[in-house]
Amino acid sequence: MTFRIAWKPYMYSPTLPHLLGGVRAPALVVWGDDDKIVPKSAGERYAALLPKARLVTVRAAGHCVEMEQPDELATLVSGFIDEN
């Protein structure tokens with residue numbers, strides 16, 4: 001499945017790291033601690049490149065946090081919105 005969804009070039013942009021630095025809005029990067037499709041290092045990189053980002057790892061979740069831990073994600077998003 002990873003091969004099928006990630007093979008096309010739109011899944012990769014060499015300009016993305018340079019573009020992320022220009023984002024001025026606060027960002028919440030949410031990652032499942034058991035993501036087998038995209039490594040946590042990618043989330044760490046997103047969070048490092050976004051000027052106002054925070055990375056949160058959700059336990060007992062893989063790649064689809066919104067389906068695996070919807071209540072936890074809703075709590076994180078609600079808190080993030082309240083803070084910002």
Can you give the extra length, in nm with one decimal, that the chain gains between Asp71 and Leu49 once fully stretched, where that is 0.36 nm per residue apart less the Cα-Cα distance? 5.2 nm
Where the accessible area of the chain is counted over protein heavy atoms with a 1.4 Å probe, how much of it, in %, is carbon and sulfur? 59 percent
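For the chain, what is the accessible area per residue in Å², given a 1.4 Å probe and the full set of protein chains?
On the way: 6210 Å² over 84 residues.
Here the per-residue accessible area is 74 Å².
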Obtain the nm distance between the two label points defined at Arg59 and Thr15 by a simple spin-label model: each point lies 7 Å from its Cα along the Cα-to-C-beta direction. 4.2 nm
Using the charge dipole of the chain (Lys, Arg: +1 at Cβ; Asp, Glu: -1 at Cβ; taken about the Cα centre), state which of Leu16, Asn84, Thr57 has its Cα farthest towards the positive end. Leu16
Take Lys36 and Arg24, extend 7 Å from each Cα along the Cα→Cβ direction, and tell me the distance between the two endpoints in nm. 4.3 nm
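The values are calculated or read from the model by the stated rules, or taken from the named source; none is laboratory data. All values reported here derive from a predicted model rather than from experimental measurement. When we count neighbours, we look across all protein chains shown, and the Cβ atoms used for this are built from the backbone with ideal geometry, even at glycine. For the accessible areas, the whole protein counts, side chains as well, though only heavy atoms, and no ligand, DNA or RNA atoms are used. Shrake-Rupley method; radii C 1.70, N 1.55, O 1.52, S 1.80 Å.
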